[in-house]
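Please read the structure below before turning to the comments.
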Amino acid sequence: QVQLVESGGGLVQPGGSLRLSCAASGSIRGFNVMGWYRQAAGKQRELVAKITSVYESANLNYADFAVGRFTISKDNAKNMLYLQMNSLKPEDTAVYYCNYQSRATYWGQGTQVTVSS
């Protein structure tokens, strides 16, 4: 079992920044994929960014809309996953979910990000 708890969402003006955090606990395996997904109202959940980890190596992937604005990072020692979001736009408004995949898939409860003036 893996538990994921997100934090850091909130209301921000267009052009602003937010940093999301995800605390993972439980049976974290050396090979896993951790990432951020988002779901806007009335839309399907979509990938924002993910890190594929094989022990100490990592491969990062970003959705096109996230390239150049969002940065995903991970602290293995603390079992933390982060998403730094810059130059936020109103269309980034969504619930952001932390995701862990290894032998099974786990989701956090989500954190709301609202970009509005």
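The values are calculated or read from the model by the stated rules, or taken from the named source; none is laboratory data. In this text, all values refer to a predicted model and were calculated from it rather than measured experimentally. Neighbour counts run over all protein chains shown; Cβ positions are idealised from the backbone, glycine included. For the accessible areas, the whole protein counts, side chains as well, though only heavy atoms, and no ligand, DNA or RNA atoms are used. Shrake-Rupley method; radii C 1.70, N 1.55, O 1.52, S 1.80 Å.
With respect to Ser25, is the statement that it is within 17 Å of Ser7 (Cα to Cα) and either under 13 Å from the mean Cα position of the chain (by Cα) or acidic (Asp, Glu) (or both) true?
Spelling it out, it is not the case that Ser25 is within 17 Å of Ser7 (Cα to Cα) and either under 13 Å from the mean Cα position of the chain (by Cα) or acidic (Asp, Glu) (or both).
Name the single residue that is least open to solvent (accessible area, probe 1.4 Å) among those in the stretch 59-84 being of a type in the set (A, V, I, L, M) and assigned to a loop (DSSP other than H, G, I, E, B).
Restricting attention to the stretch 59-84, the residues satisfying the condition of being of a type in the set (A, V, I, L, M) are 60, 63, 66-67, 72, 77, 80-81, 83.
After this cut, where a residue has to be assigned to a loop (DSSP other than H, G, I, E, B) as well, the list is 63, 67, 77.
Values: Ala63: 17, Val67: 93, Ala77: 99 Å².
Of everything passing the filter in the stretch 59-84, Ala63 is least open to solvent (accessible area, probe 1.4 Å).
Among what's in the stretch 74-103 and is small (Gly, Ala, Ser) and modelled with pLDDT under 95, pick the residue that is nearest to the chain's Cα centre (by Cα).
Once the filter is applied, the top-ranked residue is Ser102.
I need the full set of residues from the stretch 85-108 which are touching a Leu at 6+ places or on another chain (Cβ under 8 Å) and open to solvent by 60 Å² or more (accessible area, probe 1.4 Å), in order please.
Once the filter is applied, which keeps residues that are touching a Leu at 6+ places or on another chain (Cβ under 8 Å) and open to solvent by 60 Å² or more (accessible area, probe 1.4 Å), the stretch 85-108 yields only Trp107.
Would you be able to tell me the number of residues in the stretch 28-58 that are not β-branched (Val, Ile, Thr) and not in a strand (DSSP E or B)?
Total satisfying the criteria: 10.
Within the stretch 5-20, is even one residue in contact with a strand residue (DSSP E or B) (Cβ under 6 Å, 6 or more places away or on another chain), within 17 Å of Asp75 (Cβ to Cβ) and modelled with pLDDT under 95?
No.
Quickly run through the stretch 7-27 and pick out the residues that are open to solvent by 50 Å² or more (accessible area, probe 1.4 Å), closer than 30 Å to Arg103 by Cβ and either in a loop (DSSP other than H, G, I, E, B) or without any contact (Cβ under 8 Å) to a residue 12 or more places away in the chain (or both).
Within the stretch 7-27, just Ser27 meets the criteria.
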